[in-house]
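J.: Sharing a structure, written as structure tokens. Questions coming.
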Amino acid sequence: MMYKLGMPSLSIVMPSMNEEETIRICIQKAQHIFKKYGIEGEIIVADNSSDRTAEIAASMGAKVIGPIKGYGNAYLKGLAEARGDYIAIADADNTYDLLELDRFLDPLLAGEADFIMGTRLKGEIKAGAMPWLHQYIGNPILTGMLNFLFKTKISDAHCGMRAFTREALEKMNLKTHGMELASEMIIEAARCGLRIKEVPITYYSRKAPSKLRSFQDGWRHVRFMMLYRPVPFLYIPGACVFILGFLITSSLLLTENAAYNRLHSFILGSMLLIIGGQILATGGYMKTYGLLHGMYRDDKKSKKLLSYHSLEKELIGGSLLLVSSLVLGLKVAYSWISTGYGSLEEVESAVISMVLAAIGLQLIFSAVFLSVMLLEVDTDW
């Protein structure tokens, strides 16, 4: 659709999957908003339906694209087609009232914000519209995590009714294909320094069955936040477990016969060392994945740590630990042979050899795996 020169234009993007009962009313409401503001507008329906949703939408003048599988994919494709100066998004199931778009457009047109979020929790949730698990547990917890990790101040991170300027869309590096796009959009908005504003809205119950999968979709959001912020999820817990294991093990070794007399504590400390090392390694994998996919474009320290030069040092360190383990292990084996294959007295040395071997191999394989992940990028980032 062509827009009149100098006139603000609005694109409304709606993903749909078998919404033939509600797509008509949603489009009618969107068209009412165009008339109310006297602006040119377009409606883009990113569809993956097996019913008449696409046919109805097209007959009412909407641009239908698809079939497109996946919530995030639907929005990515729809947003790529949007040509408006302002863009609004909402589901096509009429749970969000598009007549309330004026609450989003007024601050955008006035230049008060770049990104407008709807909030159902500060608005009105109709009876039966939101399961209590989502309203009182899932949504508040995930929203709280996002606010804490990314320094935002929103109340309803998973509200699907939003609006933003074209400039804001172009700044956000959106790429996820699933439900986690809802979190990515807020994270990117905060990272880009966009002015974010919340407006209360009404949330209605839907007619068709919900496509949400509470635990699976919740995990997708947590996993995505872990990619952006592995430090609180993995590095800090991993470091704490590793240090605790080191303190337990070293204190027992420094006390005469303590390691032998308290064998269970000694083994526990050794296990914590190995587990802590594995958690830290996993954090490194996630950090590398995030770097490769543009999530830390300004994080020069992480890029330096994960360069080939740093990985070579990790490989050398792991090799030294492995050699130390072999030397200590050979010493234990020699003592065992010298006693005529009797009972093994050097329990401490045997356990320490095992721990050094495990951590050394972790470092070596981590360095190899990370170097493979970095094959397609510049070694100096």
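The values are calculated or read from the model by the stated rules, or taken from the named source; none is laboratory data. All values derive from a computational prediction rather than experimental measurement. In this analysis, Cβ positions are derived from the backbone assuming ideal geometry, glycine residues included, and neighbour counts consider all displayed protein chains. Note: areas computed on protein heavy atoms with side chains; ligands, DNA, RNA excluded. Shrake-Rupley method; radii C 1.70, N 1.55, O 1.52, S 1.80 Å.
J.: Restricting attention to the range 106-120, which residues are of a type in the set (A, V, I, L, M, F, W, C) and surrounded by fewer than 22 Cβ atoms within 10 Å (Cβ to Cβ)?
T.: Matches in the range 106-120: L109, A110, A113.
J.: Let me ask something additional. Any idea which residue in the range 287-303 is nearest to F233 (Cα to Cα), counting only those that are at pLDDT 65 or above and open to solvent by 30 Å² or more (accessible area, probe 1.4 Å)?
T.: Among those that are at pLDDT 65 or above and open to solvent by 30 Å² or more (accessible area, probe 1.4 Å), it is Y289.
J.: For T339, all conditions in the list (1) within 30 Å of I267 (Cβ to Cβ); (2) modelled with pLDDT of 80 or more hold save one; what is the number of the exception?
T.: Exception for T339: condition (2).
J.: Now for a separate question. Name, by its number, the condition in (1) open to solvent by 10 Å² or more (accessible area, probe 1.4 Å); (2) at pLDDT 95 or above that does not hold for M2.
T.: Among (1) open to solvent by 10 Å² or more (accessible area, probe 1.4 Å); (2) at pLDDT 95 or above, M2 violates only (2).
J.: Next up: Can you list residue pairs whose Cβ atoms sit under 6 Å apart, with the first residue in the range 119-132 being touching a residue at least 24 places away in the same chain (Cβ under 8 Å) and the second being open to solvent by 70 Å² or more (accessible area, probe 1.4 Å)? Count only pairs 6 or more apart in sequence or on different chains.
T.: K126/Y204; A129/Y204
J.: So which residues in the range 174-187 are in contact with a Lys or Arg (Cβ under 8 Å, 6 or more places away or on another chain), open to solvent by less than 20 Å² (accessible area, probe 1.4 Å) and either farther than 16 Å from K77 by Cα or hydrophobic (A, V, I, L, M, F, W, C) (or both)?
T.: Answer for the range 174-187, where residues must be in contact with a Lys or Arg (Cβ under 8 Å, 6 or more places away or on another chain), open to solvent by less than 20 Å² (accessible area, probe 1.4 Å) and either farther than 16 Å from K77 by Cα or hydrophobic (A, V, I, L, M, F, W, C) (or both): just M185.
J.: Now, a different point. Got a sec? Which of K69, K36 is closer than 27 Å to D217 by Cα and either among the charged types (D, E, K, R) or in a loop (DSSP other than H, G, I, E, B) (or both)?
T.: Among K69, K36, only K69 is closer than 27 Å to D217 by Cα and either among the charged types (D, E, K, R) or in a loop (DSSP other than H, G, I, E, B) (or both).
J.: Select from the range 218-237 the residues that are of a type in the set (D, E, K, R) and buried (at least 19 other Cβ atoms within 10 Å of the Cβ) and write down the one among them that is modelled with the highest pLDDT.
T.: It comes out as R229.
J.: Something else now. Output the number of the condition that A333 fails; it satisfies all remaining conditions of (1) surrounded by fewer than 16 Cβ atoms within 10 Å (Cβ to Cβ); (2) part of a helix (DSSP H, G or I); (3) at pLDDT below 75; (4) of a type in the set (G, A, S).
T.: So A333 meets the others, but not (3).
J.: Additional query: Please state which of the following conditions A58 fails to meet, knowing it meets all the rest: (1) modelled with pLDDT of 95 or more; (2) within 32 Å of the chain's Cα centre (by Cα).
T.: (2)
J.: Given the conditions (1) touching a Ser or Thr at 6+ places or on another chain (Cβ under 8 Å); (2) closer than 19 Å to T165 by Cα, and given that Y75 satisfies all but one, which numbered condition is not satisfied?
T.: So Y75 meets the others, but not (1).
J.: In addition: In contact with a helix residue (DSSP H, G or I) (Cβ under 6 Å, 6 or more places away or on another chain), under 30 Å from G193 (Cβ atoms), modelled with pLDDT under 85 and crowded, with 16+ Cβ neighbours inside 10 Å: does that describe L306?
T.: yes
J.: (1) of a type outside the set (F, W, Y); (2) closer than 28 Å to Q216 by Cβ; (3) in contact (Cβ under 8 Å) with a residue 60 or more places away in the chain; (4) surrounded by fewer than 22 Cβ atoms within 10 Å (Cβ to Cβ): which one isn't true of G78, the others all being true?
T.: (4)
J.: Anything in the range 194-223 that is in a strand (DSSP E or B) and hydrophobic (A, V, I, L, M, F, W, C)? List them, or say none.
T.: Correct list: I196, V199, I201.
J.: Restricting to the range 124-148, give me the number of residues that are open to solvent by less than 20 Å² (accessible area, probe 1.4 Å) and out of contact with any strand residue (DSSP E or B) (no Cβ under 8 Å at 6 or more places or on another chain).
T.: 2
J.: Return the only residue of A189, A88, A113, A129 being more than 23 Å from the chain's Cα centre (by Cα), small (G, A, S) and either assigned to a helix (DSSP H, G or I) or at pLDDT 95 or above (or both).
T.: A113
J.: Determine which member of the set K171, K153, K207, K197 is modelled with pLDDT under 90, surrounded by fewer than 21 Cβ atoms within 10 Å (Cβ to Cβ) and either of a type outside the set (S, T, Y) or in contact with a Pro (Cβ under 7 Å, 6 or more places away or on another chain) (or both).
T.: Every option except K207 fails the conditions.
J.: Let me ask you something else. Hey, any hits in the range 195-205 for a residue that's more than 30 Å from G111 (Cα to Cα) and aliphatic (A, V, I, L, M)?
T.: For the range 195-205, residues more than 30 Å from G111 (Cα to Cα) and aliphatic (A, V, I, L, M): absent.
J.: Consider R103 against the criteria (1) in a strand (DSSP E or B); (2) in contact with a strand residue (DSSP E or B) (Cβ under 7 Å, 6 or more places away or on another chain); (3) open to solvent by 20 Å² or more (accessible area, probe 1.4 Å): it satisfies all of them except one. Which criterion is unmet?
T.: (1)
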